[in-house]
Amino acid sequence: MEPLQKILKILIIVLACIGAVGVLWWGVTNLRKPSEPQNGTNTQTPSSGALYPVTVGITPTATSTPSGSQQGGTVETIELRGNNVMVRTLDFTKNPQVESNSQGMYALAGGLRPAGNTTPFSIVYSSKDQSFVVSLLQEPIGSNRLAAEEALQAQLGIDQAAMCQLNYFVGAPAAVNETYAGKNLGFSFCPGAADLPL
């Protein structure tokens, strides 16, 4: 009886060791680095360390780039950090019509120092935080927001769903409209946008 118990104890110890090695092997082979794709989704790790799906929006074609950067028939694109996604757009930073400065600011419309009496809106992009600021500089702000949306969408070459994923602020100064001053009015087609009279 005693030899049988010794054999049983040895067998249990051997099985426990095999199980521990198996679990360790499974863990090592199945652990993924944060930047590796999971479940077939392309991912990228921005500087914040969070994971974002890479591609949202459209891949522009030569026919959809009235102001996009083209060289030799190819369309240059860039990826911008959006709301938990990366948004691929036309590379407006290389567009000769876009004014820029050494601080990484790009004026897609209205200039870097817009005057309300000369332009109904301005669109400025900051490369520092990858955000857009749309300033509505004249009444009616509802109509001017629509015009600004159209201008930005053409510059970026993306659809409305991708526009809603951008980091952006749409606003009007108090001198133009006291009711909406300081509020993010949003793009008219995005959830939570202010309903502005045209």
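No value in this document is a laboratory result; all are computed from the given coordinates. Because the structure is predicted, anything quoted here is derived from the model rather than measured. Ideal geometry is used to build each Cβ from the backbone, glycine not excepted, and the neighbour counts take in all protein chains shown.
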Report task. Taking 7 Å along the Cα-to-C-beta vector as the label spot, tell me the Gln5-Ser127 distance in nanometres, rounded to one decimal. Result -> 7.8 nm
Report task. Report, by chain and number, residues whose modeled amide H sits under 5 Å from the one on Gly104, excluding near sequence neighbours (fewer than 5 apart, same chain). Result -> none
Query raised in the report: Hey, how many Å between the Cα centroid of the range 77-114 and the Cα centroid of the range 121-193?
Result: 14 Å
